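**Student:** Here it is, the structure, as structure tokens.
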């Protein structure tokens, strides 16, 4: 009976998909060594193996909602595209440590990004932002925030710095 119960529990655990299991965050060295994927299609072949996705300068206007299939994604480079709005599915990337949205056409930071509690580096420069949401102060691990080239007022800049006292904020 005990053996049967053990086998049942073991089989149930093995049946849990990889994407639903807790993700281990990689350290800086592991991230440097991780394979970098450069297309959504290539990455979708093995979504559980995708830790770094570089979609820099691919003239993307609308981010593919399948982005949320990369539960292990920790580095996402969307620099120099034409993105105006991020899809709600972006919120599924709770393990991101590094995100670049530099050089797009964003006017706001979507509520779904609130889940990015592991984020240490965020590039939002060269967009069309005038303010950041108050909840960005909840990014306790954020150490670097780039806002260069946006229309951030001095007052808003000071407010952001106050909300993120352990973060280097550049405008």
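None of the figures in this text is laboratory data; all of them are computed from the coordinates on show. Keep in mind it's a predicted model, so treat the numbers as computed, not measured. A quick note on method: Cβ atoms are made from the backbone with ideal geometry, for glycine too, and the neighbour counts reach across all protein chains shown.
**Student:** Taking residue 74, is it surrounded by 15 or more Cβ atoms within 10 Å (Cβ to Cβ), in contact with a strand residue (DSSP E or B) (Cβ under 8 Å, 6 or more places away or on another chain) and in contact (Cβ under 8 Å) with a residue 60 or more places away in the chain?
**Tutor:** Taking the combined requirement at face value, the residue does not satisfy it.
**Student:** Sticking with this one: Only one of 76, 25 is under 28 Å from residue 143 (Cβ atoms) and assigned to a strand (DSSP E or B); which?
**Tutor:** From the options 76, 25, the qualifying one is 76.
**Student:** Would it be correct to say that residue 41 is at negative phi and touching a helix residue (DSSP H, G or I) at 6+ places or on another chain (Cβ under 6 Å)?
**Tutor:** No.
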